[in-house]
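Everything on this sheet refers to the single structure shown next.
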Amino acid sequence: MKNNHIRIIISGIFFITATIFLWAAYPHHLHYQEQFQLFEWTKGYFCSVTSVPGGFADWLGRFFTQFFLVSALGAVITAALLTIMQMLCARAAGARSNVSFALSFIPSIIALIFLLDEKALLGGIVSIILCLLAGLAVRKAGAAWLRAILAIAGAPIMYFLCGPLAVVFVSAACKCCRFYVWIGSAVLLAACPFLLEGMLHTTLRSLLQGVHYYRYPDSFPTMLWAAAIAAAAYTALGHLPRPESTLRPAIVAAVAVFVCGGAATAICADLDQETLFAYDYFTRTGQWKKILELDRKKPADKPFSVCCVNLALAKTGSLGDHLFEHIQGGPSGLFPKFAKSALTPLPASEVFWQLGMVNACQYYTFEANEAIADFQKSGRCYKRLAQTNIVNYDYDVARKYLHALEHTLFYRGWARKALSMLKDETSIDSDPDYSRMRRFRSHGKDEIYNEERIDVLLGYMVDENPENSLAMDYLLSYELLDNNLNNFWYYLQNSKPNHLPRHYQEGVMMLWIDNGMSLQNLPDFISSSNTKRFRAFIHDVQAGLSEDQLKKKYGNTFWFHALYN
């Protein structure tokens, strides 16, 4: 087998491995990246993004990121970029030996580790690729004087296109040039941030470390710079090992790089965060059964994920039977406390939307959109904000969001359909989602929204629309979590359910005891099995069992919650 064929096979193995890993183990990190940008196919958007150093590479990175809405596409694109980066490194270094070729995977593996961080942006990887391509193009120029001019003049150009990662260009372009070319290119590149300081609306620190490489502009993208330095060093030195006479050293080197890279990737992968992103994605897409399946595999243990599970339980009609199977932390399990964050408010905003609390949903979604750290906009948030404004008859505001979505690739069809509906209000009233929202929304009451008194608003909504069973479920569950049994009993009497879920029965029994009434006179809708278990609970409490012992036997009941919360 020819040497080139072996190298192609090894690169192919890397591409396939990276694709499978990202698709199977990290798909929701890809969804996360997509939902916090709004890539518009407009001249204004292009000029806005490319007006700062590194903006062109960032624009290309955003272009690729829009496809992450489909995780399989995102995995293939990311793996392809990493593989292209590896092959360009090998080409730029002029790797003569297979051992040297095996080392060309190191910068790409470091870049993959960088991308495991949800705050990492794809523009950094694109920057390195563009710098390697430009460096190779310079080296193909015929005369030495022309290569020298292109290498020196190309440094500031590549700085503006790709940002400070243009150091990779200097290394690749000047590889076969004289020492003075290296010095001239490096000095000119180093001067660029200081020359541009004060001319652009950004800080010197950002100009030195990169404006669009990381979601938080003030944070240094350490792993990305490690990948860039590794690529620059390999480009300069990767040609040094002589070709070996056997394949054994190359195989050993390749295996060592792949094993160490795989181990480092596994260690750095944040699978707990991936689980949270999975809960968020399934909530966003309304895949309630998948949320419950995920909960069985990786139980929700944070307010963020518990909120998603509670909504899935309510949407499948089982919230009253399984509410206390998770640590709720009081009513915040249903409605997490508002936090100034791009992600944290989104599950709660989805809860508000499903309940018909349109203004609360709009508030949470708007704040999430404005909290995106690198000042991008969110396609997900824009879509929801358009919907809330349509429900509220604020058509002019809705059009603002819809026109922006109309310039995207994946939201265009939905936006155009929504815009056509605005021309005929009867089509909105006949739409099942919008008509339901307008019927269930609290007419003016959620303008006085207060996260400390959500139960009051839920009470208004239930009084206005008794058929809003989701709001009734949340109201009854809220009162149980708040240990407010009098309110719970008041709303329960008005709901007249055909079947009373287990936890609601537990609340009635606790209320019976609190009011000094006999368990012999319980309502008919209390099951005998629940009554028997409640008697056992009372007996164990009176017998002096410890909290841990009671939790083991009754931790999934309202009784235990009422006793120890």
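Of note:
- Helical mean residue ellipticity (222 nm; -39500 (n - 2.57) per DSSP H run of 4+; nearest 500) of the chain: -21500 deg cm²/dmol
- Filtered trypsin sites (Lys or Arg not before Pro), region 1-65: DSSP coil and at most 13 other beta carbons within 10 Å: Lys2
- With at most 12 neighbouring Cβ atoms within 10 Å, loop chymotrypsin sites (Phe, Trp or Tyr not before Pro) (DSSP) excluded, longest segment of the chain: 1-374
- Relative contact order of the chain, defined on C-alpha pairs under 8 angstrom at six or more residues apart (%): 13 percent
- Calculated SAXS-style log₁₀ I(q)/I(0) at q = 0.08, 0.10 Å⁻¹ - region 3-269, Debye, Cα scatterers: -0.32, -0.50
- Pairwise Cα inverse-distance average, inverted: Kirkwood Rh of region 133-261 (Å): 16.4 Å
- Among the listed pairs Lys302/Lys552; Lys119/Lys302; Lys298/Lys553; Lys43/Lys417; Lys297/Lys551; Lys43/Lys337, those with a Cα-Cα distance over 28 Å are Lys43/Lys337.
- Couplings 3J(HN,Hα) for region 323-335, derived from phi with the Karplus relation 6.51 cos²θ - 1.76 cosθ + 1.60 (θ = phi - 60°), are 4, 8, 7, 10, 6, 8, x, x, x, 5, x, 7, 10 Hz, where x marks Gly and Pro.
- Percentage relative contact order, region 243-393, counting C-alpha pairs under 8 Å, at least six apart: 15 percent
- Sites His407 and Asp218 - FRET efficiency at Förster radius 41 Å, r taken between beta-carbons, to 0.05: 0.85
- Taking every alpha-carbon pair within region 273-448, the share separated by more than 29 Å comes to 22 percent.
- Note, ³J(HN,Hα) from phi for region 69-78, Karplus 6.51, -1.76, 1.60, rounded to Hz, x at Gly and Pro: 4, 9, 4, 5, 5, x, 5, 5, 5, 5
- Positive-end ranking of Leu30, Gln493, Leu475 along the dipole of the chain, with charges on Cβ about the Cα centre, is headed by Leu30.
- Our estimate of slack between Glu370 and Thr42, defined as 0.36 nm per intervening residue step minus the Cα-Cα distance, is 115.9 nm.
- Between 0 and 90°, nearest 10: helix 3-25 axis offset from the chain longest Cα axis: 20 degrees
- Trypsin sites (Lys or Arg not before Pro) lying in DSSP loop within region 120-150, provided at most 16 other Cβ fall within 10 Å: Lys140
- Binned Cα-Cα distance frequencies in region 497-565 - 10 Å width, integer %: 18, 57, 23, 2
- A DSSP coil position with no more than 10 other Cβ atoms inside 10 Å describes the following trypsin sites (Lys or Arg not before Pro) in region 376-423: Lys423.
- Where labels lie 7 Å past Cα in the beta-carbon direction, separation of Val259 and Tyr490 in nm: 6.9 nm
- Debye-formula intensities of the chain, expressed as log10 I(q)/I(0) at q = 0.07, 0.11 Å⁻¹, are -0.55, -1.01 (one equal scatterer per alpha-carbon, no solvent).
- Charge dipole of the chain about the Cα centre (unit charges at C-beta), most positive-ward option of Phe304, Gln376, Ala264: Ala264
- When each of His561, His201, His326 is scored by the number of other beta-carbon atoms lying within 10 Å, the sequence from fewest to most is His201, His326, His561.
- Helix 528-542 axis, angle to the chain major axis (alpha carbon atoms, nearest 10°): 80 degrees
- Against the chain, whose longest principal axis is taken from its Cα atoms, helix 222-237 shows a tilt of about 20°.
All of the numbers you see were taken from the coordinates with simple rules; none came from a lab. Keep in mind it's a predicted model, so treat the numbers as computed, not measured. All Cβ positions, glycine included, derive from the backbone under ideal geometry; neighbour counts span all protein chains shown.
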